[in-house]
1. Specify which of the listed residues (78, 73) is closer than 25 Å to residue 121 by Cβ, out of contact with any strand residue (DSSP E or B) (no Cβ under 7 Å at 6 or more places or on another chain) and either surrounded by fewer than 17 Cβ atoms within 10 Å (Cβ to Cβ) or not assigned by TED's automatic domain parsing to the domain that holds residue 199 (or both).
2. Among the residues of segment 107-125, which ones are in a loop (DSSP other than H, G, I, E, B) and either of a type in the set (A, V, I, L, M, F, W, C) or crowded, with 17+ Cβ neighbours inside 10 Å (or both)?
3. Based on what the data block shows, is residue 222 of a type in the set (S, T, N, Q), modelled with pLDDT of 85 or more and surrounded by 19 or more Cβ atoms within 10 Å (Cβ to Cβ)?
4. Limited to segment 192-213, what total is found for residues that are under 24 Å from residue 266 (Cα atoms) and out of contact with any strand residue (DSSP E or B) (no Cβ under 7 Å at 6 or more places or on another chain)?
5. Being touching a residue at least 60 places away in the same chain (Cβ under 8 Å) and of a type outside the set (S, T, N, Q) is true for just one of 100, 87. Which residue is that?
6. Just one of 227, 248 is buried (at least 22 other Cβ atoms within 10 Å of the Cβ) and within 23 Å of residue 165 (Cα to Cα); which is it?
7. Which one of these is assigned by TED's automatic domain parsing to the domain that holds residue 82 and touching a Phe, Trp or Tyr at 6+ places or on another chain (Cβ under 8 Å): 13, 35?
8. Of all residues in segment 163-192, count the ones that are in a helix (DSSP H, G or I), among the small types (Gly, Ala, Ser) and at pLDDT below 90.
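The values are calculated or read from the model by the stated rules, or taken from the named source; none is laboratory data. Here the structure is a predicted model, which is why all the values come from computation and not from measurement. Here the Cβ is made from the backbone with ideal geometry for all residues, glycine too, and neighbour counts use every protein chain on show.
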Amino acid sequence: MTRDTFTIASIGFDERDQNVLLTVVALSKNRLPRFVLFESSPDKKLADILIVNADNSDAIQRWNAYLKLHLNTATISTVMACEALPPANPNDKNRYLKKPLAATRLLSVLEEVVVTEHGYAAPKAFEGDITSSGDPPVSGPAAGAKNISALVVDDSLPVRIQMKKALQNIAGRVDFAESGEEAEKLIHNNIYDIVFLDVILPGVDGYDICKLIKKDPQNGKTPVIMLTSNSSPADSIKGKMAGCDTYLIKPVRQDIFKEVIHEYLELE
């Protein structure tokens with residue numbers, strides 16, 4: 001069983017960026033994987049991930065000294081934040097993030113790091129393999145329904161990856177948003193046939209985005225499928241008041257996903 005909480009430490013950042021790290025910790029509190037600040041985890045001997053201000057020479061020296069000291073004792077990943085991203089280098093194992101730091105983007109990078117470098121097994125958005133061998137899970141009127149466009153709004157990178165896989169035989173175009181603000185821009189500039197919308201988002205939440213979609217002249221009739229890890233009556237009432245068409249409870253059963261797709265996209 002893999003652990004689901006990882007410690008992060010920062011080197012060379014000012015108060016503004018420290019507050020971004022606090023926001024990342026707060027955003028991850030009710031989801032997996034979780035992130036905690038190294039100084040808030042006294043039982044932890046080393047940080048799992050170092051976030052380094054690559055434009056600060058003193059921070060680089062401290063980072064090198066830290067890695068050298070613990071070279072043979074642990075797996076320590078690095079995320080470099082910098083004003084200008086360096087050219088791609090396949091031999092460079094560090095991750096790079098353009099400044100200024102943004103909490104949602106940093107959280108996505110951290111999730112990617114723990115999956116690829118620390119063996120974290122992300123929670124499944126679906127029960128079973130949504131694209132199992134054999135016939136495609138859903139068949140459209142045009143060989144893969146290439147005329148269908150979908151929007152997925154979810155701040156979890158693992159969920160976005162799984163939704164991309166689930167929709168690959170259904171929609172010819174799938175757009176993704178990590179936050180309510182990103183979703184707003186996409187909704188104003190595009191027309192979608194279906195929207196999958198996470199309830200809990202940083203900033204503007206899923207209920208507000210659902211209301212926005214239903215009031216939008218282009219997408220007002222677009223079915224909105226809300227994704228949630230809870231099935232409380234209060235959530236259902238709030239969703240109906242916001243105008244959502246139905247809920248999918250994560251992890252989503254394959255048969256229920258198929259039924260929803262058939263019903264709201266009117267596929268064969």
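1. Values: 78 fails: out of contact with any strand residue (DSSP E or B) (no Cβ under 7 Å at 6 or more places or on another chain).
Sole residue among the options that is closer than 25 Å to residue 121 by Cβ, out of contact with any strand residue (DSSP E or B) (no Cβ under 7 Å at 6 or more places or on another chain) and either surrounded by fewer than 17 Cβ atoms within 10 Å (Cβ to Cβ) or not assigned by TED's automatic domain parsing to the domain that holds residue 199 (or both): 73.
2. Correct list: 120, 121, 122, 125.
3. Details: of a type in the set (S, T, N, Q): yes; modelled with pLDDT of 85 or more: yes; surrounded by 19 or more Cβ atoms within 10 Å (Cβ to Cβ): yes.
When the stated conditions are applied, residue 222 passes them.
4. Qualifying residue count for the region: 2.
5. Testing whether each residue is touching a residue at least 60 places away in the same chain (Cβ under 8 Å) and of a type outside the set (S, T, N, Q) leaves just 100.
6. Of the residues listed, the single one that is buried (at least 22 other Cβ atoms within 10 Å of the Cβ) and within 23 Å of residue 165 (Cα to Cα) is 227.
7. 35
8. The qualifying residues number 2.
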